[in-house]
Structure formats: C-alpha cells, structure tokens
Amino acid sequence: MQDNKRNTNLVRAKVQKQDEFYTNRRDIEKELAYYSDCFRGKTVYCCADNPRRSAFWSFFHENFQRLGLNRLIATFYGEGAYQMVYEGGKDTDLSSGICQKLQGTGDFLIAECQVILKESDIVCTNPPFSLFRSFFDAIHAQHKEFLLIGNLNAITAKNIFPFFQDDKIRLGYTFPKTFLRPDGTTQTFGNICWFTNLQMDALRSRPFWMTGKKIGDGIYLPYANCEGIDVRRIAEIPDDYDGVMGVPLSILKHYNPGQFQIVGYGKYTTDNRLPIKPVPKELLDSFYRHGGTGHYTSSMRVLCYYDQQGTGHFPFERILIRRRSAFC
C-alpha cells in the first residue's frame, strides 16, 4: 500500500508538472561512490541545477580535485537564468566560479544549453520527471555519458527500452526515495532510480541469486500469445528453467547482463526479439466475463494467459528475459 501511495505521488507530479524536486546530498554521495574513476579529466554538466541550492553542484565542487575534474558547469532554469563554471582552486567555497547570465531561459533543450552540452563529457542531474525522455534523447543525440535520476517506468519508453535491451545503459546501484521541495517539505516516491551508461561491465560479476523455485512447482503459467511463462515476483524466478520468462520491471534493479538477456517487453514493440500475437478473442471474453476491468481488445498485442481455472488474465508490465547459457 505504501509503494502505491508513493507511485501515486509521482503520477500526480507528472500530470501537474510539479517537477521541482531536489536530490538529497547523501543519495548523490551513495551512488557516486561507485564511479570515482569515471570523472578524471572530464567536464561535468549539471543541466537542471541551481548552484545556490543544488546538491549536485556542491558535491562536484567540493570533490573537484579528488575526482580529477577538468570543469564543472551548472545552468539554472527560470527568470534570471545563468550558468556557473568552476575550474578548480577553491573547492570548499561553493560560490567560487564564473557566473554568466544566459540569453534564454536556461531550458536544457534549447540551442544555448545544447552548446554547453556539446562541450561537456558527462551529464549528471535530476531532470524534471515529465521531461526525462526528452532529456535522454538530447543527451544521446550528442553521444554523452550520463548519470540521471528518473522513474523506473521510463525503461518502457520506446526511445529508451532498446538501449536496455542491448546492454548500452543500465540502472545504478542505489535507489533514492525522498526528495526536497522548494518550500522545504519532503516528498517520498517509489520506483525512482539512477540511469547510466558509465561502467557498463561493473555488474557482470554480481549474479542475481535464485531462491530455489522450480519450474515444476506449479506456479508458472504459459502465455497464450507469446513464448514464455509468467513470473509474478522476481523472488519466484525458477533456477532450473532456460526459456523465456516475463518478469516485473523490478528485475532491472538486480539485472546482470552477463546472467540474463532481455528479449522483449510485455507490449508489442518493434524491438522485441520474439513475437507477441494479438490477444485471443476467447481469452478476452473470459477476462471480462469474470469481472476483469481495463481497456483491452483482440487487436492488442499484450501478454496474456489463462489461470488454472481457464480464466483469462493480463499481467502488469513485464520484461521478457532469458537466462544466458554461461549461468545455466
């Protein structure tokens, strides 16, 4: 129930465009501890951060010499937009740096800030939740490294999912929950994570340990319109099955690309590596006849299955994975 409340907060923020949430310094320190070797000689761009209160700016400023940074840049969005550039010298003095007024609003997606992006190496920030996909596109277009905070469900976006599938990006090591609001209050969300293309091999030596479930336990139901079985919880992933499994998105919090291969997403997409057929009409009729709700049609290509009583079901969002042979 608590996680549902947190996710409702996130949806409400997106709809109302209440996107100004500040990351706690301790959450930045916890995640950045894993990437200390990635920043040497690099220019870091904090593109959605007010240097006067940004924990990203304070972290990189105070650790400028330790991380071996070349430059640190932050741009402030809003009335009186400006950029701050720091090139070292007084790491503990957060006001140290060159302040320059921007001609525009400081919007990361406009040309002025895109020029700054082009001169940078790594983007590290907490972008507005409602603009995450646009941020991703802009960063990817210029082939930049990044460490971004976003909603776990962004994985399913058409412009982001293929990169997870090809092991070109992954989730970070930690999962922030509580954020500060401009009025000084705090707000807690569920399913918030770091997205990055740094250190892509870091998790390959850390397998996701199976919990001893067996394919013969009778809890796995085959899909009616796609190869594979449905796994309700990641704790139920069988340790003796090499076929396709539909698992919750939360598997990516533990995902080891050396152990599993992502072969698709639970709704039809051109990037799926196995077909999802249209929903069988008989299954759809059974679903609604037994009280099912939601908008489904027989032309949709979404995962579905029959339970032991023959009733049709549609699982919540799934990632389709297969165990790699090296770990079998």
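Since every read-out is calculated from the coordinates, none of them should be taken as a lab result. All figures in this text were calculated on a predicted structure; none of them were measured in a lab. Methodologically, a virtual Cβ is constructed for each residue, glycine included, from the backbone with ideal geometry; neighbour enumeration extends over all protein chains shown.
Structure notes:
- Within the stretch 131-147, considering residues that are part of a loop (DSSP other than H, G, I, E, B) and not basic (Lys, Arg), the one farthest from Thr174 (Cα to Cα): Gln142
- Among the residues of the stretch 55-84, those that are aromatic (Phe, Trp, Tyr) and in a helix (DSSP H, G or I) comprise Phe56, Trp57, Phe59, Phe60, Phe64.
- Residues (under 23 Å from Tyr45 (Cα atoms) and in contact with a Gly (Cβ under 8 Å, 6 or more places away or on another chain)) located in the stretch 144-183: Leu147
- Among the conditions (1) buried (at least 16 other Cβ atoms within 10 Å of the Cβ); (2) more than 22 Å from Pro248 (Cβ to Cβ); (3) of a type outside the set (Val, Ile, Thr); (4) touching an Asp or Glu at 6+ places or on another chain (Cβ under 9 Å), the only one that Arg181 does not satisfy is (1).
- Subset of the stretch 273-322 (residues that are loosely packed, with under 15 Cβ neighbours inside 10 Å and aliphatic (A, V, I, L, M)): Leu274
- Within the stretch 225-278, considering residues that are of a type in the set (Asp, Glu) and out of contact with any strand residue (DSSP E or B) (no Cβ under 6 Å at 6 or more places or on another chain), the one nearest to Leu320 (Cα to Cα): Asp271
- Just so you know, in the stretch 85-130 the residues that are free of Cβ contacts under 8 Å to residues at least 12 places away in the same chain and not in a loop (DSSP other than H, G, I, E, B) include one that is surrounded by the most Cβ atoms within 10 Å (Cβ to Cβ), and it is Glu112.
- Arg133 passes every criterion in (1) more than 30 Å from Gly190 (Cβ to Cβ); (2) out of contact with any Gly (no Cβ under 6 Å at 6 or more places or on another chain) apart from (1).
- Some residue of the stretch 54-70 being closer than 26 Å to Ile160 by Cβ, among the hydrophobic types (A, V, I, L, M, F, W, C) and free of Cβ contacts under 8 Å to residues at least 12 places away in the same chain: no
- All of (1) surrounded by fewer than 22 Cβ atoms within 10 Å (Cβ to Cβ); (2) not in a loop (DSSP other than H, G, I, E, B) hold for Gly150 with one exception: (1).
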